[in-house]
Every structure is written in structure tokens, then in C-alpha cells.
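The values are calculated or read from the model by the stated rules, or taken from the named source; none is laboratory data. These numbers were taken from a predicted model, which means no experiment stands behind them. Note that each Cβ is placed from the backbone with ideal geometry, even for glycine, and that neighbours are counted across all protein chains shown. Surface accessibility is based on the protein's heavy atoms, side chains included, excluding ligands, DNA and RNA. Shrake-Rupley method; radii C 1.70, N 1.55, O 1.52, S 1.80 Å.
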Amino acid sequence: MIEAGNGVEALALLEQNPVDLALLDIHMPQIDGLTFLAELCRRPSMAQLPVIMVSSDTGAEQIARASELGAKASVGKPFRLDALRQAITAATSGNVAVG
């Protein structure tokens, strides 16, 4: 598991440390989560990374945009552990889930 303090740092860390899944907030310093998702799509080495949005911003427009950009699931904060588990299962099985 790796942790980044902002979106720019996260992109750099992912270049050096491939992971199986990313948990991503919509609101992050330097670049927001939606911009981060768009950048992932432009990088062949990361384009297929399953991403779960974990955010207090659960507006339908934000969630729809995240899904369009490739997020596999979304969980609102504060989240229940079972909701996160379901999102992880969905994201890693190729399904899409919003909780």
C-alpha cells in the first residue's frame, strides 16, 4: 500500500510502484480527482488501473463524470466498511458500483 499527499505525488508514485487498485478523493491538492482520472487514461501503464472514488462529494454530476473517466466504483464519506468491500469487489471484478 502506498499513500500520496496530493494528486501530482500520486501520479509519480504510481509510475514507480504499480498497484492493483487506487482509492481516490475528488478533492485533492494540486490536481483534483477528476483531472487525476483523466491523466491516468493518458498513461498506457496506468490506463487499466481500477479506481474507486472515496469522497464526501457524492453529487450525481461528480460521480457520473468520474465514471465516464473510468472510475469503477464510488463510496461516499464517511463510508461503511461493507460499502467499501462491495466497491472493491466490483472494481476488481470489472463491474461498476456506486454506494
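Checked across region 29-50, the condition of being at positive phi and at pLDDT 85 or above holds for at least one residue.
Across region 25-53, the qualifying residues are those that are touching a Ser or Thr at 6+ places or on another chain (Cβ under 8 Å) and hydrophobic (A, V, I, L, M, F, W, C), and the one among them that is nearest to Thr92 (Cα to Cα) is Ile52. Within region 57-79, restricting attention to residues that are within 21 Å of Thr89 (Cα to Cα) and small (Gly, Ala, Ser), the residue that is surrounded by the fewest Cβ atoms within 10 Å (Cβ to Cβ) is Ala64.
Being open to solvent by 60 Å² or more (accessible area, probe 1.4 Å) and among the small types (Gly, Ala, Ser) is the filter here, so list the residues in region 32-56 that pass it. Residues satisfying the conditions are Ser45, Ser56.
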